[in-house]
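Working notes, structure below.
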Amino acid sequence: MALTDRLKGLRSKAEDAVVERKDQIHDAVQKAGEVADQRTGGKYHEKIEKAGSKALGLVDSLEGEAPTSAPGEPATPTAGEQATPTPPADPPAGS
């Protein structure tokens, strides 16, 4: 078996694992965004939200949804689709 065939097989297995654990990945990305937003005091809220949306778009694209970006770039939702929004973080204590 050629190296490229083995790599294609590994990629396929990885994509299948992501699809099987889609809900867990969504939860983890959302929680990570919330924690990062809280620790930065909301200073980078928009950037954190944008990164989370891109990550979720990539996960969704592996499930068979049509990616809207060039190969190798994270997929972004189309006009009819919406990425799972990250709820705003509570303001830091003392504000």
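The residue that is surrounded by the most Cβ atoms within 10 Å (Cβ to Cβ), among those in the stretch 4-40 that are touching a residue at least 12 places away in the same chain (Cβ under 8 Å) and out of contact with any helix residue (DSSP H, G or I) (no Cβ under 8 Å at 6 or more places or on another chain), is 34. In the stretch 41-53, the residue that is surrounded by the fewest Cβ atoms within 10 Å (Cβ to Cβ) out of those that are more than 16 Å from the chain's Cα centre (by Cα) and touching a residue at least 24 places away in the same chain (Cβ under 8 Å) is 41.
Quick note: the coordinates plus some simple rules give every number you see, no bench work behind them. These figures come from a predicted structure and were not determined experimentally. Because the Cβ atoms are built from the backbone with ideal geometry, glycine has one as well, and the counts that use them run over all protein chains shown.
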